[in-house]
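J.: Please see the structure below; I have some questions.
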Amino acid sequence: MTKLQYPDTLADMEAHLRAKLPPDTDHDLIRQRAGVALEVNRLKQEKNAIVLGHNYMAPSLYHSVPDYTGDSLGLSRIAARSDADIIVFGGVRFMAETAKILNPDRTVLLPSPKGGCSLAEAITAQDIRELREQYPDTPVVSYVNTYADVKAETDICCTSSNAAAVVRHLQQQGHDRIIFLPDEFLARNVAAETGMAVILPQRHGRADAQDPPNLQRVIVGWHGRCEVHEKFTTDDIARARQQYPGVVVLAHPECPPEVVAASDFSGSTTAMISHVRKIESDSYLLLTECAMGDNIAAENPGKEMVRLCSIRCPHMNEVTLDETLAALQLGQFEVHVDPDIALRARASLERMIEIG
Ligand code: 13P
Ligand code: SF4
C-alpha cells in the first residue's frame, strides 16, 4: 500500500481540503484546519511518526494527515510492518492496542484518553474462560473489536473482512462447533454465510431457547452489539428503495442479519469503499457510521449518497485533528499492554493475519 502524500503549503492544503470537504464548509474553518494539518505533518517528519486513519475518521482529519487509511485488518497489517518510531492511531483503543501488540517496540499513541467501543466492552477475559469450560474442545474466535486480555484468551482473531474465511478455515480443520464473539450480529451474518446455526449462551448456563442448537454445525455467539450498526432497520432500506429506485444498499456486517439480508452488498469498511467505486448506479445508501459516508462522497462526486441517517460513532468522534496534533506534541496518550498478555494476544492476531 502506498503512503499517502499531502500538500506542504498552507494555500495548497487549503485548496486540497476545500475540494474534499462538503461545499458548505466555512472558509475560515478550512484555513484553520489546513494550518493544523500542516503542523501535524511537520511533526510526523520531525519525530519519525506515522498516522494511521480508520475509515471512520472525520473528513478534515481523514483527508489531511493519515499516512495510511483503511479498515481494521488493513491498518493492523500496516502497523505490523511499520518501522516508524511512533504510530499515532486515528481510531479507537482496541485498534491502537492491536498496533502495539503487533509492534511492541514502537510507541503507539491514541489521540483520545478512552476511545471505547460497545463491542469491546461487551466481553471480558473471564467470560471466555467460562465459555471454554462450558464448551470444551471448541476453538474461540474473537472479533478484533476486543481488548488485549480477551485476545490473549482467544485462539484466532478476525475482522469484518476475514470473519467468514476464519470460520471456514476452522471448519476445514474439522471443527463443527466454534465460539465466536462478542458481536451477536456478526456471528449471525457469518453463520448464514458458512451454513451454521447460532446459539447464544445465557450469562450463566443454558442456551438461548429461541435458537435451538444444531450441534452438528453451530456457532456459540455472545451478546455484544455495535451501538451504531444495531440501529439500522429494514424499514430504512425499504424507504430508500421506494424513494430512490435503483439505489445500491451497502451494509456493514455488524448490522442486524435481516438488514444485511435485505442489502445488495455487505463487507468491511474498506470493502464498502471499493464497492462504491465500482457500482454503476447513480445512488447508494451506506448502512454504517456517517463520517465514512462523507469520506466516500468526496471521492465519488458523480454518485449520489442517500442520507437516511447520521449515526456517528461517539468513540471514533473523540479523535480530531486537534487531538492528533496534541498527541504528537505531548506524546499522549501512550498505549501500554502487559507483556505477557501481549505475547498471547499476538499469537491470535498472527494466526488471523496468516489466514487473510
Ligand atoms: P472495519 O474492520 O470494517 O473497519 O470495522 C471496524 C468497526 O469498528 C466497524 O464498526
Ligand atoms: Fe465500536 Fe461500533 Fe464504534 Fe465500530 S462503530 S468502533 S463497532 S461502537
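Read-outs: derived from the displayed coordinates by stated rules, not from any lab. Note that the coordinates shown come from a computational prediction; the quantities given were computed from them, not determined experimentally. Methodologically, a virtual Cβ is constructed for each residue, glycine included, from the backbone with ideal geometry; neighbour enumeration extends over all protein chains shown.
J.: For the chain, state what percent of all Cα-Cα pairs lands in each successive 10 Å bin, counting from 0 Å until the bin that includes the largest distance.
T.: P(r) for the chain, in whole percents per bin: 5, 25, 32, 25, 11, 2, 0.
J.: In addition: Where is the GNM fluctuation largest for the chain (alpha-carbon springs, 10 angstrom cutoff): 159, 25, 124?
T.: Its mean-square fluctuation being the largest, the pick is 25.
J.: Moving on to the next point. For the range 291-356, with equal point scatterers placed on the C-alpha atoms only and solvent neglected, what are the log10 I(q)/I(0) values from the Debye formula at q = 0.19, 0.21 1/Å, to two decimals?
T.: Calculated log10 I(q)/I(0) at the listed q: -0.95, -0.94.
J.: Return the distance in nm (one decimal) between the two label points of a simple spin-label model at residue 233 and residue 165, each offset 7 Å from Cα along Cα→Cβ.
T.: Result for the modelled spin labels: 3.6 nm.
J.: Also, I was wondering about something else. With the cut-off at 32 Å, tell me which of the pairs 44/303; 47/278; 114/231; 20/47 have Cα atoms farther apart than that.
T.: 44/303; 47/278
J.: Please compute the Cα-Cα pair-distance distribution of the range 1-75 with 10 Å bins starting at 0, giving whole percents from short to long.
T.: In whole percents, the pair-distance histogram is 20, 51, 26, 3.
J.: Just 12, 183, 155 to compare: in a GNM of the chain, with alpha carbon springs under 10 Å, which one fluctuates most?
T.: 12
J.: Quick one: among 295, 48, 317, which has the greatest mean-square fluctuation in a GNM of the chain with alpha-carbon springs under 10 angstrom?
T.: Most flexible of the set in this elastic network: 48.
J.: With a/c under 1.5 counting as rounded, go ahead and sort the range 32-94 into rounded, prolate or oblate using the C-alpha gyration tensor (a ≥ b ≥ c being the square roots of the eigenvalues; past the cut-off, prolate if a/b is larger than b/c, else oblate). Walk me through the numbers on the way to the answer.
T.: Numbers: a/c = 2.44, a/b = 1.22, b/c = 2.00.
It comes out oblate by the Cα gyration axes.
J.: Also, I was wondering about something else. Which value in nm describes the separation of the simple spin-label points at residue 9 and residue 193, placed 7 Å from the Cα toward the beta carbon?
T.: Calculated label separation equals 4.7 nm.
J.: If I take R0 = 41 Å and measure r between the Cβ atoms of residue 274 and residue 130 in this structure, what FRET efficiency does the formula 1/(1 + (r/R0)^6) give, to the nearest 0.05?
T.: The pair residue 274/residue 130 has a calculated efficiency of 0.55.
J.: Still on this structure: Report the label-to-label distance for residue 343 and residue 322 in nanometres (one decimal), using points 7 Å from each Cα along the Cα→Cβ vector.
T.: 4.3
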